[in-house]
Amino acid sequence: MGWDDTIVALATPPGIGAIGVIRVSGKQTFSVINQLFPSKNLLAQASHTVHVGLLKFQNDLLDEVVLALFKGPKSYTGEDTIEISCHGSQFIIEKIIQSINSLGVRIAKPGEFTQRAFLNGKLDLAQAESVADLIASNTEASRRTALHNMRGGFSSDLHLLREELIKFSALIELELDFSQEDVAFADRDQLVRLITTLQQSTEQLLHSFQLGNAIKNGVQVAIIGKPNAGKSTLLNTLLNENRAIVSEIAGTTRDTVEEVLNIDGVLFRLIDTAGIREHSKDVIETIGIEKSLEKMRAANLVLYLFDVNEIAPTDLQTVVDGFEKEQIHYLLIGNKVDGVEAKAKNKFVNFTNCIFISAKENYHINELKSAIVAAAINGDIHVESTIVTNARHYDALKQLNQALTDVAQGLADFVTGDLLALDIRQCLHYLGLITGEITNEDQLDFIFSKFCIGK
């Protein structure tokens, strides 16, 4: 594969639609498309202009199209680019792409347009990865976070960290050049303050990953409880539809039922599980209970639903002790408080993280939703600040934090400048892994292979 090749791909989703957009990028873009567009000479047209006309290949009329011209470097990829808007017939789209391909234009790899934008300095690697996040966004929170990062919010934060480290690294290495002169160019006290500030910034970014992961991937929430506690009723109430079968017969829910609920811009994957009881002679119910326990252990948050009229505080405490022993993140939900709310609150007064509702009567359901968001997400999704959503970035930031700790320890131990310089270089290395200053072709191929073809 050559980066000097001209490439083509469909930029809109495959399938029948009103319009399909075909993207072409590379050195030969204008000369190739000019051969197919007899209406006017594209080589003589200005950048950022739109042209309507017929597209022909040899004597075959392909379609009436709209061409948008972008001359490099003022284009998405930094190269000459043309976007062809044609009618959305899959047959027409294939004919146009085949005609362009027959003139020596290569079919693009997944993510190759964005990869070229990165290689041509239009985006850094963190921004490029956020393009894929923006395309995949399915909530307001994920859209806003991806857009913030794509526009350079995350990269700007990293750039400030990098600039400060480079400045001190240069001063320390300058000292090494004059080691026999016994001169000091770098103020060690100022470096200590800088490292402390950088550690705080890095830890703040690391801390945001829990929120970022929830925004990007959603939150797994398992609804657990004894039979007839009202789990299926609660699921139906949260979804505002009759998704799960509800009856007075214990053990009605035999398998897990999963649905997605959007609360405050975050997707919660709600899992209604089979009621958990210690002994059941029904083989199918027993399998359902085992699945419930598996879902409980895998969930990000467990909602333990109990009937306030049926369970004793000592039994509930046993459940809580089990959750805490297994380090399960949970919320207690006292159900069926119709007419007995005051009595129930007094009965379970020692349980601080307990919400009282009536799933059947839709009572306190909004308060429950707020409690779910607060319990599952550590942070404010509406704050316009950088939120880490990428696991690769998170791993690099953890390594950066450790390298900063090594620098701080070195300063405390009064290590020599050459050792300090090595630790600072490590910090710069991990920052470079995120933004793409330090990378390799295999890593880039892996990252961009997860993109769609036309992006």
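The values are calculated or read from the model by the stated rules, or taken from the named source; none is laboratory data. Remember, predicted model here, so these are calculated numbers, not experimental data. FYI the Cβ positions are ideal-geometry reconstructions off the backbone, even for glycines, and counts take in every protein chain you see.
Do you know which residues across region 310-336 are among the hydroxyl-bearing types (Ser, Thr, Tyr) and in contact with a strand residue (DSSP E or B) (Cβ under 7 Å, 6 or more places away or on another chain)?
The initial filter retains those residues of region 310-336 that are among the hydroxyl-bearing types (Ser, Thr, Tyr), namely 314, 318, 330.
Listed by number, the list holds a single entry, 330.
Residue 39 is checked against (1) over 38 Å from the mean Cα position of the chain (by Cα); (2) part of a helix (DSSP H, G or I) and fails just one. What number does that condition carry?
Of the numbered conditions (1) over 38 Å from the mean Cα position of the chain (by Cα); (2) part of a helix (DSSP H, G or I), the odd one out for residue 39 is (2).
Report whether or not residue 80 is touching a helix residue (DSSP H, G or I) at 6+ places or on another chain (Cβ under 6 Å) and farther than 24 Å from residue 438 by Cβ.
For residue 80, the condition - touching a helix residue (DSSP H, G or I) at 6+ places or on another chain (Cβ under 6 Å) and farther than 24 Å from residue 438 by Cβ - is met.
Being in contact with a strand residue (DSSP E or B) (Cβ under 8 Å, 6 or more places away or on another chain), assigned by TED's automatic domain parsing to the domain that holds residue 158 and over 25 Å from residue 159 (Cα atoms), is that true of even one residue in region 120-140?
To start, the set of residues in region 120-140 that are in contact with a strand residue (DSSP E or B) (Cβ under 8 Å, 6 or more places away or on another chain) comprises 138-139.
Pick out the ones that are also assigned by TED's automatic domain parsing to the domain that holds residue 158 and you get 138-139.
Within this subset, residues satisfying the condition of being over 25 Å from residue 159 (Cα atoms) are 138-139.
Yes - at least one qualifying residue is present in region 120-140.
Given (1) assigned to a loop (DSSP other than H, G, I, E, B); (2) under 16 Å from residue 120 (Cβ atoms), where does residue 23 come up short, assuming only one miss?
(1)
Among the residues of region 75-93, are any in a helix (DSSP H, G or I) and of a type in the set (Val, Ile, Thr)?
So the first thing to find is which residues in region 75-93 are in a helix (DSSP H, G or I), and the list is 90-93.
Then drop every residue that is not of a type in the set (Val, Ile, Thr), which leaves 92-93.
Checked region 75-93: at least one residue is in a helix (DSSP H, G or I) and of a type in the set (Val, Ile, Thr).
Just checking, which of 4, 63 is in contact with a Cys (Cβ under 7 Å, 6 or more places away or on another chain), among the charged types (D, E, K, R) and surrounded by fewer than 21 Cβ atoms within 10 Å (Cβ to Cβ)?
Numbers: 4 fails: in contact with a Cys (Cβ under 7 Å, 6 or more places away or on another chain).
Step by step, each of 4, 63 is checked, and only 63 is in contact with a Cys (Cβ under 7 Å, 6 or more places away or on another chain), among the charged types (D, E, K, R) and surrounded by fewer than 21 Cβ atoms within 10 Å (Cβ to Cβ).
Within region 205-224, can you find the residues that are under 25 Å from residue 273 (Cα atoms) and either buried (at least 22 other Cβ atoms within 10 Å of the Cβ) or over 12 Å from the mean Cα position of the chain (by Cα) (or both)?
Of everything in region 205-224, those that are under 25 Å from residue 273 (Cα atoms) and either buried (at least 22 other Cβ atoms within 10 Å of the Cβ) or over 12 Å from the mean Cα position of the chain (by Cα) (or both) turn out to be 214, 215, 216, 219, 220, 221, 222, 223, 224.
Here is a yes/no grid of residues against (1) surrounded by 23 or more Cβ atoms within 10 Å (Cβ to Cβ); (2) in a helix (DSSP H, G or I); (3) aliphatic (A, V, I, L, M):
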position	(1), (2), (3)
95	no, yes, no
100	yes, yes, yes
114	yes, yes, no
129	yes, yes, no
138	no, no, no
157	no, yes, no
161	no, yes, yes
167	no, yes, no
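Could you check, for region 48-70, whether at least one of its residues is farther than 19 Å from residue 454 by Cβ, part of a loop (DSSP other than H, G, I, E, B) and among the aliphatic types (A, V, I, L, M)?
Within region 48-70 (the criterion being farther than 19 Å from residue 454 by Cβ, part of a loop (DSSP other than H, G, I, E, B) and among the aliphatic types (A, V, I, L, M)), the answer is no, since none of the residues qualifies.
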